[in-house]
1. Against the longest alpha carbon principal axis of the chain, how many degrees, from 0 to 90 and to the nearest 10, is the axis of helix 13-23 turned?
2. Quick one: if the Förster radius is 25 Å, what FRET efficiency do LYS98 and LYS160 give, using the C-beta to C-beta distance and rounding to 0.05?
3. Quickly work out the LYS358-to-GLU80 label distance, labels modelled 7 Å from Cα along the C-beta direction, and quote it in nm with one decimal.
4. May I ask for the angle, rounded to the nearest 10°, between helix 210-226 and the longest principal axis of the chain, with both axes built from Cα atoms and the value confined to 0 to 90°?
5. With n ≥ 4 as the cut-off for DSSP H runs, can you work out [θ] at 222 nm for the chain, using -39500 (n - 2.57) per run divided by the number of residues, rounded to the nearest 500?
6. Which of LYS150/LYS204; LYS204/LYS337; LYS47/LYS177; LYS177/LYS337; LYS98/LYS150; LYS98/LYS204 have a Cα-Cα distance over 26 Å?
7. What are the trypsin sites (Lys or Arg not before Pro) within segment 5-44 that DSSP puts in a loop, where the Cβ has at most 14 other Cβ atoms within 10 Å?
8. Quick one: angle between helix 31-43 and the longest Cα principal axis of the chain, in degrees between 0 and 90, rounded to 10, please.
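The values are calculated or read from the model by the stated rules, or taken from the named source; none is laboratory data. Keep in mind that what you see is a predicted model, and the values were worked out from it rather than measured. A quick note on method: Cβ atoms are made from the backbone with ideal geometry, for glycine too, and the neighbour counts reach across all protein chains shown. These area figures cover heavy atoms from the full protein model, side chains too; ligands, DNA and RNA do not enter into them. Shrake-Rupley method; radii C 1.70, N 1.55, O 1.52, S 1.80 Å.
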Amino acid sequence: MPRDFKILEEADLQPLALGAALLGTGGGGNPYIGMLRTRELLRKGAKIEIMPLEALPDDAWVGECGGIGAPVVGVEKVEEGGECHRAMMAVEEAAGVKMSAVISAEIGGANSMEPIIVAGLAGLPVVDGDGMGRAFPEVQMTTFFIYGAKPSPAAIADEKGNVVVFRHVVDMFWLEKFARNVSVDMGAGAGFAVAPMRGDFIRKTAVPGTVTQAISIGNTVLNARRKHQNVVERIVEETGAKLFFTGKITDIERNLVGGFSRGTAKISGLGNWAGSEGEIAIQNENLVLWVDGEAVIMVPDLIMNLELETGEPITTEMLRYGQRVAVIGLPVHDLMKTPRALEIVGPAAFGYPDLTFKPL
């Protein structure tokens, strides 16, 4: 029997933001801003249900949506609020269907909140799952596209009221190219929705339970702080992650290139890693962690920077010189480790053909 639907409460939002920031591997947009927008929607009376994946009927149409652009822009150019909803309505019109539920493209950062906001505006449930189990920077990098979702119709909308519909697109790589270019013209931040997907397809291809997983992780962080426990240790215990490095940020380089935030973070080791040097490659998300020149974690596994004292997940746009961080790694879901998936989200897909993926 399917699990019961959960009603999202305001008390769930801070834990969700914390857990989604952690699962976002540095990307997905600033979770605090996403939390504030969701909170205001709840305070206006929206009732938002979290639907168990197994409760989806076979023939239900599900809308997948999220923000597209560079995370740093989401801090500087706050969304109007209805971008993803307008994009999804444009997809419904182009496809001639009505959505029965909404699901997230990625559980990471503010994009954990986007489908929740759309669900509240549209009066639909949000599915407890997503297309990545983390965050990735490009449209094609979801389990849905990896395993056969159609690339069109899709739509993108900005805060000014512009909506662009992609009616006939050859494949998911062309959709990423077109949507990325339009998002740059829209100010490097917009709402995006893809073609409707059937419930039976979603049940097979979604990473399950990630909305409630994020809430659980966030509650672990908050409980550890209240009890004055070591938050990083409690996160490692709760998630099954492993601590790979602790240190101080000594250099951070970020550049906005082609609609992405790209760069590197350099970390001088502390504690057990005193005398060692760490470096993290960034493309919206954390891609590879090197320790003393050796790649120790790489995509698609999750690399997360936590504030050393508080366990607060630090998204890539918030990394600053002098921060003391713990770098943890977490295995990605099995759907992201198949040969087909690794073609799309493995190290070579991000420009590291010399790295052979070694799963955690």
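1. 70 degrees
2. The computed FRET efficiency comes out at 0.40.
3. That separation, rounded to one decimal, is 5.0 nm.
4. 40 degrees
5. -9000 deg cm²/dmol
6. LYS47/LYS177
7. LYS44
8. The two axes meet at around 40 degrees.
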